[in-house]
Amino acid sequence: MKSCSLEPPTPDELDALLRLLDDETPEVRAHVTARFARCGGDISEWLSTHARTLTDAERQLLAEMLSPPRRETLTREWIVPTGGASALQEDWESFESLLRILSDFLHDGISLRQPLSDALDLLAEEAAEEGLTTASELRDFLFKESRLTGSPSNYYDPSNSDLAWCIEAGTSNPLGLCLIFILVGNRLNLEIEGVNFPGHFMCRIHEDGFPLIVDCFDQGRTHLQSTLLESPELSRLQRQLLRQSVGPGTILLRLLNNLTEALKKSGRSMDAQLIQELRATIE
């Protein structure tokens, strides 16, 4: 087997590499892995024009081969402002950029889909075309009409931190759903706040001057904040957190914590370690 070129594979070579995916000869496997590593971690656009349908086993193997360059890209592009999470507290633009980088990292590199910002733009455009003008109307649009739903069975899936996947799949965990609500709301100049409640992230909107807590995971169900604060089941700390709003820096720390644990549960220890290292850059 000839030595590997440093140039990315051509379309013809990609076609040949796919035919070698199930070849278990060590030399061939090493060559195929090395060549796919030169693809930048994503061949979804090329695959979308390819007539061959990959088996589940081939998809898994190919995704594993495309993972190393995505880890390298994430490490290279992960740039946070000086000051870390504190500097991000009002910087939604930089926050979304980091979410996009995480989304690209978590993508399998095989499935064709919209980039995160485009997916959020499209949701906002659809909402605007519906004539929505309030946060409550956007809540109904996203959650009451089941565009987005909570997924109890996949609560700890790392994909919940890939917001582009969440929008396409129409499901996520509480934090993922709330982030989509907030980011779409930002595009429509709607006031939607994050509530960093322990174990169950939520949002806050205002209606007729009253603060409402929105549980995006429960079809966008709303609760009067004042009523929740009267619950004897809440601790003093929980009441304090329920009153507060959090910015993107705090939200990012929570998302990275969730993602680290999800990757560990999925057996992806190398990826979990990388996310821990990135988290340390914003503490």
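Values in this text are rule-based calculations from the coordinates and carry no lab data. Computed from a predicted model, the values in this text were never measured in an experiment. Note: ideal-geometry Cβ built from the backbone for every residue, glycine included; neighbour counts use all protein chains shown.
Here are some notes:
- Output for region 32-62, where each listed residue is charged (D, E, K, R) and part of a helix (DSSP H, G or I): R35, R38, E45, D56, E58, R59
- For region 103-148, residues that are in a helix (DSSP H, G or I), under 30 Å from P68 (Cβ atoms), in contact (Cβ under 8 Å) with a residue 24 or more places away in the chain and among the acidic types (D, E) total 1.
- Taken over region 172-194, residues that are over 18 Å from the mean Cα position of the chain (by Cα) and surrounded by 20 or more Cβ atoms within 10 Å (Cβ to Cβ) amount to 3.
- Any hit, region 194-206, residues being out of contact with any Cys (no Cβ under 6 Å at 6 or more places or on another chain) and touching a residue at least 60 places away in the same chain (Cβ under 8 Å): yes
- Helices (runs of 4 or more DSSP H) fully within region 168-283 counting 2 or more residues that are closer than 29 Å to L122 by Cβ: 174-187, 248-265, 269-280
- Verdict on A85 being farther than 17 Å from Q276 by Cα and of a type in the set (G, A, S): no
- Among the conditions (1) crowded, with 17+ Cβ neighbours inside 10 Å; (2) within 20 Å of V195 (Cβ to Cβ); (3) of a type in the set (A, V, I, L, M, F, W, C), I110 misses just one, which is (2).
- Residue count, region 195-229 (criterion: on the phi > 0 side of the Ramachandran plot and under 27 Å from the mean Cα position of the chain (by Cα)): 3
- Residue selected from region 68-93 under the condition crowded, with 17+ Cβ neighbours inside 10 Å and without any contact (Cβ under 8 Å) to a residue 60 or more places away in the chain, by the criterion farthest from N186 (Cα to Cα): P69
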